[in-house]
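Below is one structure, written out as structure tokens, with a few remarks after it.
The values are calculated or read from the model by the stated rules, or taken from the named source; none is laboratory data. Model, not experiment: these values are computed from the prediction. Heads up, the Cβs are rebuilt from the backbone with ideal geometry, glycines too, and the neighbour counts pull from every protein chain shown.
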Amino acid sequence: MAATRATARQPAAADRVVKPHGPTAAKRERILEAAMAVFGAYGYHKGALVEVAERAGMTHAGVLHHFGSKEGLLVAVLQYRDGEAVAGLDAREQVEGPAFLRHILDTVKENTERPGVVQAYTVLSGESVTDGHPAQEYFRERLRTLRHKIERTLAEVTGNSDPAELRDAANTLVAVMDGLQVQWLLSPDEVDMTRTVKRTLDMLLDRLSAA
């Protein structure tokens, strides 16, 4: 990415993690971490709440007490993964404007240090295309929101106002990021997600700026 387009680096992963407040929030975070691992390993339908409870050091009833249902837990896991406020835990600060492009690269780099989170996202997003999946609308809206935010940011950074070009660029960037995660999970030594996403973003910025 060109130096003139670079923005101040966002806080490191350790500075942006969700912080629990009190024993109840700590229990909820423990459940969310356990559920992310179980859903990532087995998917939503085959992932059992009993195993989530065992990993969290709680009873099945205890998990339901905090999240109400398996579907409620799934939605909470997805929100937690995205850094949104959930179950008494603080949300991550949202990044806007040109700094969002730097944030994308920081997030990709951060993801290389948390394969379990990447696996859970990849499995659940793939499952969500099936009929009646409880996370389908969540992923549909998440991708729509992400694409629109990328479009706005690219327009601001490059000065390009062509809706079709901006939409194609946003779709390309999202496709590269999600596709790379699958490749990286299967062959981590052969895929450099951060470098590839940066090169893709640089090419998109150059193309949009020259148009």
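Residues that are surrounded by fewer than 18 Cβ atoms within 10 Å (Cβ to Cβ) and closer than 23 Å to GLN183 by Cα within the stretch 128-141 comprise VAL129, THR130, GLN136, ARG140, listed in sequence order. Candidates LEU105, LEU49, LEU74, LEU101: the one that is more than 23 Å from THR145 (Cβ to Cβ), modelled with pLDDT of 80 or more and either surrounded by fewer than 17 Cβ atoms within 10 Å (Cβ to Cβ) or of a type in the set (A, V, I, L, M, F, W, C) (or both) is LEU49.
If a residue must be in contact with a Gly (Cβ under 6 Å, 6 or more places away or on another chain) and among the hydroxyl-bearing types (Ser, Thr, Tyr), how many such residues does the stretch 115-167 contain? Selection size over the stretch 115-167: 0.
Residue check: is VAL95 among the β-branched types (Val, Ile, Thr), part of a loop (DSSP other than H, G, I, E, B) and touching a residue at least 12 places away in the same chain (Cβ under 8 Å)? Judged against the criteria, VAL95 is a match. Taken over the stretch 101-139, residues that are over 13 Å from the mean Cα position of the chain (by Cα) and farther than 17 Å from TRP184 by Cβ amount to 13. Checking the stated criteria, ARG144 turns out not to satisfy the condition of being surrounded by 15 or more Cβ atoms within 10 Å (Cβ to Cβ) and either part of a helix (DSSP H, G or I) or at pLDDT 95 or above (or both). Among the residues of the stretch 188-209, at least one is under 25 Å from GLY40 (Cα atoms) and over 19 Å from the mean Cα position of the chain (by Cα).
Looking at the structure I just gave you, is GLN79 free of Cβ contacts under 8 Å to residues at least 12 places away in the same chain and closer than 30 Å to VAL157 by Cα? So GLN79 passes the test.
The residues in the stretch 157-205 that are surrounded by fewer than 15 Cβ atoms within 10 Å (Cβ to Cβ), assigned to a loop (DSSP other than H, G, I, E, B) and in contact (Cβ under 8 Å) with a residue 24 or more places away in the chain can be counted, and the count is 3.
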